[in-house]
Amino acid sequence: MPTDDSAFADRVAAALAGLGGVRAVALGGSRATGRHTPDSDWDFSLYYRGGFDPESLRSTGWAGHIAPIGGWGGGVFNGGAWLEVEGRRVDVHYRDLDDVEYRLAEARAGRFHVERLLFHLAGIPSYLPVAELAAGEVLRGDLPRPEFPDALRRTAPDVWWDQTRLTLDYARAAHAARGHLTDTAGAVAVAAACAAHAVLAARATWVTNEKRLLDDAGLRGVDTLLAGLDSEPPTLMAGVDAAAGLLGAAVDEARGG
């Protein structure tokens, strides 16, 4: 990372680490993985133990929206803040270490569930905080850097593929057969996101968001499929069938089948 970026990240991390209850701070998102562009925002996660008061962020003097704990839908995503720091867009995610450690233990046992989250087609797996640990750059404190668990690699593709298959089956019968173009296209998009999760889980690849999900899973062929749809039931049903074939083949290949 360029020197000025490193210095910026260090200043933000120092400020976050000084807040009550915070035990560690990590840089996440594209800035941590090196896939960012010049206009990419900055994602920081603060890890706390024994409670955290989001209002303490106001002591930094940074402008923006500060959500309460659970303000971003609750569940594993917990909450966060959208801020402007030194003219840069910064997202701060609240992560309860007790909860993160529980999610890690569950992932190692091959267990997870999927939660709805705004802006996400497939929702988010409950192992997302574990993926953040694996993909992030620790700037303050100590955090585990977990490998993708073998047990999760065995269970997750089946869970995601079941969601893919059921979504497509319903789309074919309830929407495509009735000429519902928007509903069918939306269902195929959701199914593609679920299948992408299945592919990447089979490859033991962590996912932290959906921004590059289809690209990373090699499923951009769905774009061409959707572009060819119209409101005629035969075309829509054929499109759903084609999506099932494309997605199923990708999942089978990732599994080594």
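Please say if the stretch 1-80 is rounded, prolate or oblate, where rounded means a/c under 1.5 for a ≥ b ≥ c the square roots of the C-alpha gyration tensor eigenvalues, and otherwise the choice is prolate for a/b larger than b/c and oblate otherwise? Judged from the Cα gyration tensor, the stretch 1-80 comes out prolate (a/c at least 1.5, a/b above b/c). For G79, what charge total do you get from the other residues with a beta carbon under 13 Å from its beta carbon, if Lys and Arg give +1 and Asp and Glu give -1? Here the charged neighbours net out to -4. The longest part of the chain holding none of the exposed loop GluC sites (Glu not before Pro), meaning those outside H, G, I, E and B in DSSP with at most 14 other Cβ atoms within 10 Å, is 148-257.
Dipole check for the stretch 3-140: with +1 at the C-beta of Lys and Arg, -1 at the C-beta of Asp and Glu, and the Cα centre as origin, the magnitude is about 260 Debye. Restricting the calculation to Cα atoms, every distinct pair contributes to the Kirkwood radius of the stretch 91-150, found to be 12.4 Å. Dipole check for the chain: with +1 at the C-beta of Lys and Arg, -1 at the C-beta of Asp and Glu, and the Cα centre as origin, the magnitude is about 300 Debye. The fraction of all Cα pairs in the stretch 143-257 landing in successive 10 Å bins from 0 to the largest distance is 15, 45, 27, 10, 2, 0, given as whole percents.
Taking a point 7 angstrom from the Cα of A134 along the C-beta vector, which residues in the stretch 162-204 have backbone N less than 13 Å away? 197-204, by backbone N distance to the label point.
The trypsin sites (Lys or Arg not before Pro) of the stretch 15-45 meeting both criteria, a DSSP state outside H, G, I, E and B (loop) and at most 12 other C-beta atoms within 10 angstrom of the site's C-beta, are R35. Mean sequence separation of contacting Cα pairs (under 8 Å, at least six apart), scaled by the length of the stretch 3-140, corresponds to a relative contact order of 26 percent. Centre-to-centre, using Cα atoms only, the stretch 58-83 and the stretch 166-218 are separated by 29 Å. In this structure, A7 and R154 have a Cβ-Cβ separation that, at R0 = 45 Å, corresponds to a calculated FRET efficiency of about 0.55. Modelled spin labels at D98 and L121, positioned 7 Å past Cα toward Cβ, are 3.7 nm from each other. Just so you know, the Rg over Rh for the stretch 77-182 is 1.09, from Cα atoms, with Rh as the Kirkwood radius. Ellipsoid semi-axes for the chain, based on the Cα gyration tensor and the rule √(5λ), read 37, 20, 16 Å when sorted largest first.
Where a ≥ b ≥ c are the square roots of the eigenvalues of the C-alpha gyration tensor, would you call the stretch 3-140 rounded, which needs a/c under 1.5, or, failing that, prolate if a/b is larger than b/c, or oblate? The shape class here is prolate. DSSP beta bridges in the stretch 3-140, what fraction antiparallel, as a percent rounded to 5? Given both bridge residues lie in the stretch 3-140, the antiparallel proportion sits at roughly 75 percent.
Where a number appears in this text, it was derived from the coordinates with a stated rule and is not lab data. No experiment lies behind these values; they were computed from the predicted model shown. As a convention, Cβ positions derive from the backbone with ideal geometry for all residues, glycine included, and neighbour counts pool all protein chains shown.
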